[in-house]
Amino acid sequence: PKCWVDLFRAASKKAARGEVDDGDSSLLQRSHFGDLQFIHAMASVGGEPPEVTRERMLGWAEFTWRMTRGEISLETDMAAVPVARVAERFKRAALRVQDLFTLGNVALRRYLGDVAFGSLLHMVQDSFAKGHAERLDAVFQQRCAGTDDAAPGAVRQFHVYGLQESHGHGEYDGRDALAAHLLQQEPDVVDVGRRLLAYRDASASWEVVRPYVECVFRLEDPRPASAGSGFERN
């Protein structure tokens, strides 16, 4: 725990100076303050075009979905995975797929598909938290193009964690914020998770599920990344 906290604090200070952790840093630093923030549905730097963040998220969604289906072997180097938008993030890191998802935890290795699916759900869930992204309200009975699935509210802006005051961010990751969201939105984040689980139970290919995932992360009136209104550092 002390190592985790020390890494987190060091990365936070670097982010405050405008530095972005990349392939030479730990996964913890990169995913919270660096070039892998998209796995938490966030942009890497202020001013990042939302289209860039979304494309990286879609790449991660494809990668984790193919992992869920067992299409990518565990010994594959991350720099060689068959999803270019993910592979390019790991050109400087000697890391295999198994290493990325288990970090040495042997017990998890037989459940890599579940872990990968959990990573996808985590990104989806984060995209509904106000500290991570700004979404519009869902339009009543609107459907995702090319599917019969209900469309959640579109994304307007992705935020940057390194630019934020952490306590304000954390408030919207909590139980009260989730309860408010479930009362105010339809479909809500739980509905989206259930739909993805149904696709998984049906052994749907990425080509089948892709239109729905693209809909979940679709943009409307998009704005470049920032801390987000009300989340700025003091």
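The values are calculated or read from the model by the stated rules, or taken from the named source; none is laboratory data. In this text, all values refer to a predicted model and were calculated from it rather than measured experimentally. Quick reminder, even Gly has a Cβ in these numbers, built from the backbone with ideal geometry, and neighbours come from all protein chains shown. Each accessible area value is taken on the protein alone, full model and side chains, heavy atoms only, with ligands, DNA and RNA left out. Shrake-Rupley method; radii C 1.70, N 1.55, O 1.52, S 1.80 Å.
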Residue 142/residue 84 FRET efficiency (R0 30 Å; Cβ-Cβ; nearest 0.05): 0.45
Calculated P(r) of segment 123-188 - Cα pairs past 18 Å, %: 40
Taking the chain and a Cβ-Cβ threshold of 4.7 Å, the cysteines left without a partner are 3
Largest first and to the nearest Å, give the Cα extent of segment 152-203 along each principal axis. 41, 23, 19
R0 of 22 Å, Cβ-Cβ distance residue 184-residue 223: FRET efficiency to nearest 0.05: 0.50
At 25 °C in a medium of viscosity 0.890 mPa s, segment 31-129 has a Stokes-Einstein diffusion coefficient, with Rh taken as the Kirkwood radius over alpha carbon pairs, in µm² per second, of 179
Mind checking which aspartates and glutamates have their C-alpha under 18 Å from residue 13, skipping anything on the same chain fewer than 8 residues away? 21, 22, 24, 35, 165, 232
Modelled label-to-label distance, residue 210 and residue 106, 7 Å Cα→beta-carbon offset: nm? 4.0
Ranked by GNM mean-square fluctuation in the chain (Cα springs under 10 Å), the top entry among 110, 156, 218 is 110
Translational D in µm²/s for segment 114-227 (Stokes-Einstein at 25 °C, 0.890 mPa s, Kirkwood Rh from C-alpha pairs): 165
Highest mean first, how do 115-126, 164-175 rank when packing is the count of other Cβ atoms within 10 Å averaged over residues? 115-126, 164-175
How large is the accessible surface per residue of segment 1-136, computed with a 1.4 Å probe and reported in Å² as a whole number? 46
Among DSSP beta bridges whose residues both lie in the chain, state the antiparallel percentage, nearest 5. 65
Just the number, please: carbon plus sulfur as a percent of the accessible area of segment 1-160, 1.4 Å probe, no ligands or DNA/RNA counted. 53
What one gets for segment 167-234 as the Kirkwood radius, inverse of mean 1/r over different Cα pairs in Å, is 14.7
Taking 0.36 nm per residue of separation between residue 91 and residue 77 and subtracting their Cα-Cα distance, the length gained on full extension comes to 4.1 nm
